1. Taking the chain as the reference, fit the longest principal axis to its C-alpha atoms, fit the long axis of helix 70-79 to the helix C-alpha atoms, and give the angle between the two in degrees, 0 to 90, nearest 10.
2. Can you give the Rg to Rh ratio of the range 108-246, both from alpha-carbon atoms, with Rh computed by the Kirkwood formula?
3. With every protein chain in place, what's the accessible area of Ser378 (1.4 Å probe, Å², nearest 10)?
4. For the chain, just run the numbers: alpha carbon Rg, then divide by 2.2 N^0.38 Å, N being how many residues it has.
5. Pull out the extension gain between Ile344 and Met194, defined as 0.36 nm times the separation in residues minus the alpha carbon to alpha carbon distance; nm, one decimal.
6. Please go through the range 211-277 and write out the GluC sites (Glu not before Pro) that DSSP classes as loop and that have at most 15 other C-beta atoms within 10 Å.
7. Mind pulling the angle between the C-alpha long axis of helix 165-174 and the longest principal axis of the chain? Nearest 10 degrees, somewhere in 0 to 90.
8. Between Phe158, Phe88, Phe291, where does the largest GNM mean-square fluctuation fall for the chain, given springs only between Cα atoms within less than 10 Å?
Amino acid sequence: MAQFPLSEFQKRPTPFYYYDLGVLDETLKAINEGIGQSPYHVHYALKANANPALLTPIVAAGLGADCVSVGEIKVALNAGFPADKIFFAGVGKSDSEIDFALDAHIGCFNVESLPELKLIAEMASNKSIIANVALRVNPNIDAHTHHYITTGLEENKFGIALEMLDDAISVCLRQPNIRLCGLHFHIGSQITYMEPYRILCERVAQLMKKYSAQGIRFDIINVGGGLGIDYDDPDSQLIPKFKEFFDIFRNNLNLAPEQQLHFELGRSVAAQCGSLITRVLYVKEGVGKKFIIVDAGMTDLIRPALYGAHHKIENLTSDSSLTDEYDVVGPICESSDCFGKDEILPVTHRGDILALRSAGAYGEVMAMGYNMRPIPASVVS
Ligand SMILES: *Cc1c(COP(=O)(O)O)cnc(C)c1O
C-alpha cells in the first residue's frame, strides 16, 4: 500500500503533485533487474514527466533520455544525462531545434520523414559534422489502446511508411554527413497486453533479415515505449511488469552480435510514483446525484478530459466506514472537468484530502493556465 505523509499534506495549499521517490527507486531497480545481462538500454521519455526531482534518480540509474523538443533536451542536459545518451524524436523538429541538437552532439536523431532527413543532412554538412540517425518506421501495428495514443498505424502521422523505408535508407547511405545507426519504432502508449509487442518483434526481424541480405546492419534497434500500468488498482501493481516486457523481446527477437536493443519508457517509469493531491471544496447535492467538488481541475491533470482516462480516487482523511456515491469534479468551466462518475467513496466532507493516483506521468507536464489558474506545485519525499 502506498504511504502518504498526511500531516505534511494538511499544512500545504492544494492542489499539488506528490512524488514518492521510494517508489521511483524501486521502479528503476526493477528495470535494471529486468534487463539483466541483455544488451538492452532504456531511454526515459521526458515528455512523461520532466520534474528535476525525478530526473536525478533516473540519471543515477543509468537511463538515457528520449526527448521530443529542444526544451526537453536542455532539461535533460541540466539534469546530467550525458549528451550521447540523449535521443531526439518528434515529427516536427524545427530548424533551430536541429541546430541546437547538432551543436550539443546528442546521441541520435529519430527521423520521421524524408524532408526532415534531408534537412538534418544539409545542416550537419554545413557544420562539417556527422549526425547519427535512426529512421522511425511506421510498422502498421494496432496497439489496441486508446485511438489518441496509438501511433503505429498507417493512418497516424508518425514515422516513415514501410513502403518508403528503402528510399530513406538509400538517402542515408548517400549522405556523407549522416550515419545510419538504427531503426526506430513506437507503436503506442498504455499497452497492457503483450501481443502487439510480439508482432512488433516479427516485423523488426523481417526488416533486419531483408536489410542484412543487402549488407545493411543497424547497430541499434529501438522499439520505443508504451508499456502500460495499472490505473484501476495501483497498489496491486505499483511496479510495472518490466521482466515480462523485456522477456517478450528476449524470446522473440534475436539480435545480431554487437547489436543493441533500445527502449523508450515514459509512463511505466514515472506514473505510479506520483499522485495529484487535492482538497474537497464542497459536497453538493444535485438531483439524484452528489458531487464532490475539489480544488484540482483538468488544468492540473488533463488525462480524464483529454483521453477519457480514469485515475483511482482515494479519500486520505475520511475515517467514515460508510460509503456513498459521488461524481468527483473540478472547478473549471468545462463539463469534461470531471475526475470520476458514480465513485464509491467513504462519506466525504468539505476539507477532506483526496489523492488522484498514478498521476506521475502525463500529469504535471501537461498542466496549463486555463482560467488563469496557477500551475500546481510539486512535493517530493
Ligand atoms: C511518448 C513516446 C514514448 C514514451 O511512451 P510511454 O507510453 O510513456 O512509455 C516513447 N517514444 C516515443 C517516440 C514517444 O512519442
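The values are calculated or read from the model by the stated rules, or taken from the named source; none is laboratory data. Keep in mind the model is a prediction, meaning the values are calculated, not measured. Cβ: placed from backbone, ideal geometry, glycine included. Neighbour counts: every protein chain shown. Protein only, heavy atoms only, side chains kept; ligands, DNA and RNA dropped before computing areas. Shrake-Rupley method; radii C 1.70, N 1.55, O 1.52, S 1.80 Å.
1. 80
2. Here the Rg-to-Rh quotient is 1.04.
3. 50
4. Dividing the Cα radius of gyration by 2.2 N^0.38 Å gives 1.06.
5. 50.9 nm
6. Counting only loop positions with at most 15 other Cβ atoms within 10 Å, the GluC sites (Glu not before Pro) in the range 211-277 are Glu258.
7. Helix 165-174 sits at roughly 60 degrees to that axis.
8. Phe291
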